[in-house]
Amino acid sequence: MKYDLLYQGAFAMLKVELQAGESVKAESGAMVSMSPNIDVTGTADGGVMAGLGRMLSGEKFFFQELSANRGGGEVLLAPSSIGDIQAVELDGSYRLMVQKDGFLAGTSGIQVNTKMQNLSRGLLSGEGFFIIEISGKGTVFLSSYGSIHAVNIEQGEERIIDNGHLVAWPDYMHYSIEKASKGWFSSITSGEGLVCRFRGEGVVLIQTRNPSGFGSWIRKFIPSR
C-alpha cells in the first residue's frame, strides 16, 4: 500500500493508493473521497466488547473499512480536528499508547484496543481511565491537534511533558504523573498543574497545541447569562 501525507501542519490529509485486494481501516467518518471501485463498510473490529472499550477511551464504536475488492483505487482520509497526521511503522515488538482521538487509520495488520490505566493515572492524566493501545505489524496513522513533534529521550534521560500535549508513546517507556512545580500553589498558578515525567530510552510524540487550552480560550468569547 502506498500513501502520501498532504498539506501537513494544520490541515493535513492522508492519500492512500490501494492495490487490488488491499484494504485500510479508518476512524468512522474519516473518508473524504474515494475511487468508485472502493467498497466502504462499517465494522466493530474485535467485536462488541472491543467497540465498547474504544468508546470508553474516547474513540468511536465502529471503524470504516475501505477495500479495493474491484481493482485498485485511491482514498482520501482526514481527521475531524485541525491538525497534523503522522505515520508510525510498527514491527510487532511493542505496543503504541495513544491519546484519545489520536487514531486516524491503519493497515490491515494493525489492531486497535483499549488499555485501562491505574487509579492515579486515570484520575490525574486528563486522558481518563482508558487509553488507546495499538499493536500488530504495519502502518498506523495518528492525528493531532496542531503539528506533531517527536521528542527523542535517550537512555537514562528524563523529560517533562504537559499531558495535554501528548499524542503517543511506546509501552516500554516509563512515566509518572506529578506536580509541575514543587508546591501545589505554584503548579496551579503557573497554569501547568500536573505533568508527565518520561524516562528514556524512547520517542514521545507531542502536539503543538492543547485542546483543553483552546477550549478555555474559546469560552472567554461566549456570552454568559
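Please specify each residue of segment 130-157 satisfying the condition of being closer than 14 Å to A87 by Cβ and surrounded by 15 or more Cβ atoms within 10 Å (Cβ to Cβ).
Correct list: I134, G138, T139, V140, F141, L142, S143, S144, I148.
Would you please name the residue that is nearest to L5 (Cα to Cα), looking only at residues in segment 133-165 that are in contact (Cβ under 8 Å) with a residue 60 or more places away in the chain and in contact with a Leu (Cβ under 7 Å, 6 or more places away or on another chain)? First the steps, then the outcome.
Here is the first cut: in segment 133-165, the ones in contact (Cβ under 8 Å) with a residue 60 or more places away in the chain are 139, 141-148.
Remaining after also requiring in contact with a Leu (Cβ under 7 Å, 6 or more places away or on another chain): 141-143, 148.
Details: F141: 10, L142: 11, S143: 11, I148: 13 Å.
By that ranking, first place goes to F141.
Pull up segment 2-30, narrow it to residues that are basic (K, R) and surrounded by 13 or more Cβ atoms within 10 Å (Cβ to Cβ), then point me to the one that is modelled with the highest pLDDT.
Within segment 2-30, the match that is modelled with the highest pLDDT is K15.
Which members of segment 14-28 meet the condition of being outside any strand (DSSP E or B) and either within 17 Å of the chain's Cα centre (by Cα) or without any contact (Cβ under 8 Å) to a residue 60 or more places away in the chain (or both)?
Filtering segment 14-28 for residues outside any strand (DSSP E or B) gives 19-22, 28.
Passing the criteria: Q19, A20, G21, S28.
Only one residue in D101, D91, D84 is of a type in the set (D, E, K, R) and in contact (Cβ under 8 Å) with a residue 60 or more places away in the chain. Which one? Talk me through it step by step, then tell me what you get.
Numbers: D101 fails: in contact (Cβ under 8 Å) with a residue 60 or more places away in the chain; D91 fails: in contact (Cβ under 8 Å) with a residue 60 or more places away in the chain.
Every option except D84 fails the conditions.
Being farther than 29 Å from A10 by Cα and either assigned to a strand (DSSP E or B) or at pLDDT 95 or above (or both) narrows it down to one residue among S33, S93; which is it?
Numbers: S33 fails: farther than 29 Å from A10 by Cα.
Criteria check complete, one pass: S93.
The values are calculated or read from the model by the stated rules, or taken from the named source; none is laboratory data. Since we're looking at a predicted model, the values are computed, not measured. Heads up, the Cβs are rebuilt from the backbone with ideal geometry, glycines too, and the neighbour counts pull from every protein chain shown.
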